[in-house]
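S.K.: Submitted below is the structure of interest, expressed as structure tokens.
What follows is calculated from the coordinates using simple rules that are stated; it is not laboratory data. Predicted, not measured: the structure shown is a model, and the values here were computed from it. Glycine gets a Cβ as well: all are built from the backbone with ideal geometry, and neighbour counts include every protein chain shown.
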Amino acid sequence: MKSLCQLPLLELRKKLGAKKLSPQELWAECQKAIAEKDGKIHAFLTHILQLQLPAEWQKTELKGIPFAVKDNLSTANLLTTAGSQILKGYRPPYTATVVERLQKAGGVILGKTNCDAFAFGASGENSGYGPTHNPYDLSRVPGGSSSGSAAAVAAGMAVFALGTDTGGSIRQPAAFCGVVGLKPTYGRCSRWGLIAMGSSFDVPGPLTRTVADAAFLLGLMAGYDKRDATSSQTPVENYLAALNGSSVRGLRVGLVEEFFQHGLQPEIKKAVMRVADVLANNGAKLVRVHLPHLEEALAVYYVLVPAEISSNMARYDGIRFGWQSKRGKTAAAVTAFSRAEGFEMEVKRRILTGTYVLSAGYYDAYYLQASRVRTLVIRDFQELFNKVDVLLGPTTPTTAFKLGEKTADPVAMYLSDIFTVPANVAGLPAISLPFGRDQKNLPIGVQLIGNRFQEGEILRVAHFLENYAC
Ligand code: GLN
């Protein structure tokens, strides 16, 4: 029998509303699952034992449902390390808007989840607190950087989780762990309280068991926030209602040719083609399209994001937050030693790359040029969305790889982001949907990318496909 926290959020919400289940029982089930499984998986960095149920939880949308929060989302008075040693012991004075909105809606934080330090990574192995393991095969990575969030949902330790996606960090671990991962349009969900990585790319979003759960949560999280100047005033749709009576008749689905040329694992290609068949058999129109700058999108990402990182990391001075070195006699030396001791390898690599591409003499050749190419990628997508309603492709080139397989080769690790990064470069919404398994029984994720603020459309199509995803 399935444990309670393996049920979809909307089902649990119904049970709680009908008093067939109490939030205490549900909390206890999650605790039990964590006690049994997390020793091996290591999805949580901080885990809360005592349930603090909101007053009048019966009247709230989430009715006391427990959820896990990626550790780069600030939570007031609750440890927030962003997976890095440099923030060891840091307790922020405020809570990220998206977390606060879910708490106001009656959700209860179960814990903070492991992630690559500052969300720099695609495997979870860059965490300063040890890696998370994939619940489907403990010798494999869960994906990253929202590694603990994906693993916690997949292993039935949390009903849903929050992640952040700068270049794939919600969708890629969702694909590796067989859960749904939604990356909203840039600006759809407030970044306030999200520990910045690449500020013109970052966006928080949900990892869930079903598409309807993701739609429901997006409705609670999205919307303008005066504390984030880049959050959008575009009205928030009723995403859940958008799923009703979904048909794909007449839908124009773009198959990006370039998505099939990049060392794509054959079983993943098959899964994407199976999705295409399902859509075509139900009246959708398949259109072969091109994303001429796919490879450049990855290069652009790995120039612009480190540039933004190098600027964002400047605040970690060993004085204001977290770790402070015992070495060093002057303020400058304390900062230098704290950074040397507190930043993980990949954090240092990104700061160095970013500082290099921004430095005098190289700025024009790298940063400026990459910004221009970013505009080309945005235009590519604009043209595509004149021809099609959604784009279909794989989420990742391979299923979950082995722990340690790519750690010695950062470029190999970066290449695994090829299909997720373009949506971030252009700020578009995208979703990863589990769709079958490979021969090793590892989950496969397929990806739908939508036009700006068309979350309703990709959710609707993903919801339709869910029935065929075995
Ligand atoms: N894997 C990508 C990177 O390492 C994406 C990270 C993310 O989305 N936070 O930059």
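S.K.: Please list the non-local residues whose amide H lies under 5 Å from the amide H of SER123, H modeled 1.01 Å from N, same-chain partners needing a gap of 5 or more.
M.R.: Here GLY144 satisfy the definition.
S.K.: Apply the a/c threshold of 1.5 to the C-alpha gyration tensor of segment 370-470 and tell me whether it is rounded, prolate or oblate. Show your work: numbers first, answer last.
M.R.: On the way: a/c = 3.09, a/b = 1.15, b/c = 2.69.
The shape class here is oblate.
S.K.: For Cα pairs less than 8 Å apart in space and 6+ apart in sequence, what is the mean separation divided by the residue count of the chain, i.e. the relative contact order in percent? Each step should come with its number before you reach the end.
M.R.: On the way: 1141 pairs, mean separation 81.9, N = 470.
Normalised by residue count, the contact order of the chain is 17 percent.
S.K.: What order do you get for ASP380, ASP438 when you list them from fewest to most C-beta neighbours inside 10 Å?
M.R.: In order of increasing Cβ crowding within 10 Å: ASP438, ASP380.
S.K.: Report, by chain and number, residues whose modeled amide H sits under 5 Å from the one on HIS47, excluding near sequence neighbours (fewer than 5 apart, same chain).
M.R.: Under 5 Å from the amide H of HIS47 lie the amide H atoms of LYS112, each far enough along the sequence or on another chain.
S.K.: Then there is this: Using a ≥ b ≥ c from the Cα gyration tensor of segment 79-223 (square roots of the eigenvalues), is it rounded, prolate or oblate, where a/c under 1.5 gives rounded and otherwise the larger of a/b and b/c decides, a/b for prolate?
M.R.: Judged from the Cα gyration tensor, segment 79-223 comes out rounded (a/c under 1.5).
S.K.: Kindly write out, for segment 259-270 in residue order, the coupling ³J(HN,Hα) from the Karplus curve 6.51 cos²θ - 1.76 cosθ + 1.60 (θ = phi - 60°), rounded to whole Hz, with x marking Gly and Pro.
M.R.: 5, 9, 10, 10, x, 5, 4, x, 5, 6, 4, 4
S.K.: Taking the Cβ of TRP323 as the center, what net charge do the other residues with Cβ under 10 Å away carry, scoring Lys and Arg +1 and Asp and Glu -1?
M.R.: Details: positive: LYS88, ARG339; negative: GLU341.
Result for the neighbourhood of TRP323: +1.
S.K.: Would you please give the residues with an amide H less than 5 Å from that of ILE109, counting only those at least 5 places away or on a separate chain, with H modeled from the backbone geometry?
M.R.: Those lying under 5 Å, H to H, from ILE109 are PHE67.
S.K.: Now, a different point. When the Karplus curve 6.51 cos²θ - 1.76 cosθ + 1.60 is applied with θ = phi - 60°, which whole-Hz ³J(HN,Hα) does each residue of segment 282-292 get, with x for Gly and Pro?
M.R.: 9, x, 7, 10, 8, 10, 7, 10, 10, 10, x
S.K.: Is it possible to state the helix-based mean residue ellipticity at 222 nm for the chain, with each DSSP H run of 4+ residues giving -39500 (n - 2.57), the sum divided by total residues, to the nearest 500 deg cm²/dmol? What is it?
M.R.: -11000 deg cm²/dmol
S.K.: What does the charge count near GLY83 come to, summing +1 for each Lys or Arg and -1 for each Asp or Glu among other residues with Cβ under 11 Å from its Cβ?
M.R.: That works out to -2.
S.K.: So how far, in whole Å, is the C-alpha centre of segment 78-136 from the one of segment 382-420?
M.R.: Cα centroid to Cα centroid, the span is 23 Å.
S.K.: Across the Cα atoms of the chain, what radius of gyration and what greatest pairwise Cα-Cα distance (Dmax) are found, in Å?
M.R.: 20.9, 71
S.K.: Determine, from the Cβ-Cβ distance of LYS440 and LEU368 and an R0 of 41 Å, the FRET efficiency 1/(1 + (r/R0)^6), rounded to the nearest 0.05.
M.R.: 0.40
S.K.: What pairs in LYS32/LYS402; LYS88/LYS183; LYS37/LYS406; LYS70/LYS226; LYS15/LYS63 have C-alpha atoms more than 18 Å from each other?
M.R.: Checking Cα-Cα distances, LYS32/LYS402; LYS88/LYS183; LYS37/LYS406; LYS70/LYS226 exceed 18 Å.
S.K.: Could you tally the net charge around VAL300, taking each other residue with its Cβ under 14 Å from the Cβ of VAL300, Lys/Arg +1 and Asp/Glu -1?
M.R.: Net of charged neighbours comes to -2.
S.K.: Moving on. Please report the relative contact order for segment 184-258, taking Cα pairs under 8 Å with a sequence separation of at least 6, and give it as a percent rounded to a whole number.
M.R.: With pairs under 8 Å counted, the relative contact order is 30 percent.
S.K.: log₁₀ I(q)/I(0) of segment 32-76 at q = 0.21, 0.28 Å⁻¹, via Debye over equal Cα point scatterers, no solvent, to two decimals?
M.R.: Scattering profile of segment 32-76, log10 relative to I(0): -0.90, -1.12.
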